[in-house]
Amino acid sequence: MFGRLIFGLAALLLCAAAAGQQRPVEGKDYLALNPPQPVEASGKVEVTEFFWYRCPHCYNLEPALQEWVKKLPRDVNFRQVPAIFNDEWALDARIFYTLETTGDLARVHGGLMDAIHRQGGNRLKGEAYMKWIADWLGKNGVDPAKYDTTLRSFSVETKLKRAVQLTQAYKLDGVPAISVQGRWLVSASMVGAPQSMINVTDYLTGEARKRLATK
């Protein structure tokens, strides 16, 4: 009797492991983009995360995503694009591109997102939100004068327009969403859990690398 029990448990574990190894299914776990979108990274696989600083799901995904990014091979290029659905979302995109232009983004990005969700920034809107962000950045080593000048610069305005175009071209209905090589889109609305999003993205990145290697 005891032997049967052990055998039964072993069989259940094997079934669970096999289920966990199943390939992601198009239409269930990810979407095939039609038409595929052009990518900027020539000769590399491009992985793009669309996000919003004030999105709780993006915040929950960030730790697992950044750990995954650290392990990417050299032929994979990762970038983040702030999605823009309305004027409020455009504020966060403006902040992101301003920090990118001033060279502060890599240093403060993670801390800023953490502060937004832990210190109440996500409860603010409009000018109150922008002031809160500017105050936090000033306390964390970002030059206020340089930040203010860049915030309304031509360079940032151009990037904002491009972000709007990408949000529309990829037919996004929410964030976080991750595109692989402009061909596939993984979204939280389809997959759910952060690690599941990473697993599907990792699988699709592997498929894109195989295709790139045969060219």
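Put simply, of ALA106, ALA115 the only residue that is open to solvent by 40 Å² or more (accessible area, probe 1.4 Å) and either aromatic (Phe, Trp, Tyr) or free of Cβ contacts under 8 Å to residues at least 60 places away in the same chain (or both) is ALA106.
Please enumerate the residues belonging to segment 171-191 that are under 15 Å from ILE84 (Cβ atoms) and not in a loop (DSSP other than H, G, I, E, B).
Filtering segment 171-191 for residues under 15 Å from ILE84 (Cβ atoms) gives 171-177.
Once the filter is applied, which keeps residues that are under 15 Å from ILE84 (Cβ atoms) and not in a loop (DSSP other than H, G, I, E, B), segment 171-191 yields only ALA177.
Any residue at all in segment 82-103 that's more than 17 Å from VAL156 (Cα to Cα), among the aliphatic types (A, V, I, L, M) and buried (at least 20 other Cβ atoms within 10 Å of the Cβ)? Taking every residue of segment 82-103 in turn, none turns out to be more than 17 Å from VAL156 (Cα to Cα), among the aliphatic types (A, V, I, L, M) and buried (at least 20 other Cβ atoms within 10 Å of the Cβ).
Residue pairs whose Cβ atoms lie under 8 Å apart, sitting 6 or more positions apart in sequence or on different chains, and linking a residue in segment 125-145 that is over 19 Å from TRP52 (Cβ atoms) to a partner that is open to solvent by 60 Å² or more (accessible area, probe 1.4 Å), are GLY138/PRO144; GLY141/ARG107.
Take the residues in segment 47-101 that are touching a Lys or Arg at 6+ places or on another chain (Cβ under 9 Å) and among the aliphatic types (A, V, I, L, M), then tell me which one is farthest from GLY120 (Cα to Cα). Looking at the filtered set, the residue picked out is VAL76.
Taking first residues from segment 187-214 that are under 15 Å from PHE51 (Cα atoms) and partners that are modelled with pLDDT under 90 and charged (D, E, K, R), no Cβ contact under 7 Å between residues at least 6 apart in sequence or on separate chains turns up. I'd like to know if segment 41-58 contains one or more residues that are in a loop (DSSP other than H, G, I, E, B), surrounded by fewer than 18 Cβ atoms within 10 Å (Cβ to Cβ) and out of contact with any strand residue (DSSP E or B) (no Cβ under 6 Å at 6 or more places or on another chain). Looking for residues that are in a loop (DSSP other than H, G, I, E, B), surrounded by fewer than 18 Cβ atoms within 10 Å (Cβ to Cβ) and out of contact with any strand residue (DSSP E or B) (no Cβ under 6 Å at 6 or more places or on another chain), one finds at least one in segment 41-58, hence yes. Total residues in segment 23-38 satisfying the condition of being hydrophobic (A, V, I, L, M, F, W, C) and farther than 15 Å from TYR203 by Cβ: the figure is 1. When you scan segment 64-84, do you find a residue that is closer than 13 Å to SER179 by Cα and part of a loop (DSSP other than H, G, I, E, B), even just one? Yes.
The residues in segment 123-147 that are assigned to a helix (DSSP H, G or I), open to solvent by 60 Å² or more (accessible area, probe 1.4 Å) and under 22 Å from VAL164 (Cα atoms) can be counted, and the count is 1.
In segment 159-170, which residues are open to solvent by 40 Å² or more (accessible area, probe 1.4 Å) and either touching a helix residue (DSSP H, G or I) at 6+ places or on another chain (Cβ under 7 Å) or without any contact (Cβ under 8 Å) to a residue 40 or more places away in the chain (or both)? LYS159, LYS161, ARG162, GLN165, GLN168, listed by residue number.
The values are calculated or read from the model by the stated rules, or taken from the named source; none is laboratory data. Model, not experiment: these values are computed from the prediction. For neighbour counting, all protein chains shown are included, and Cβ atoms are generated from backbone atoms with ideal geometry for every residue, glycine included. Each accessible area value is taken on the protein alone, full model and side chains, heavy atoms only, with ligands, DNA and RNA left out. Shrake-Rupley method; radii C 1.70, N 1.55, O 1.52, S 1.80 Å.
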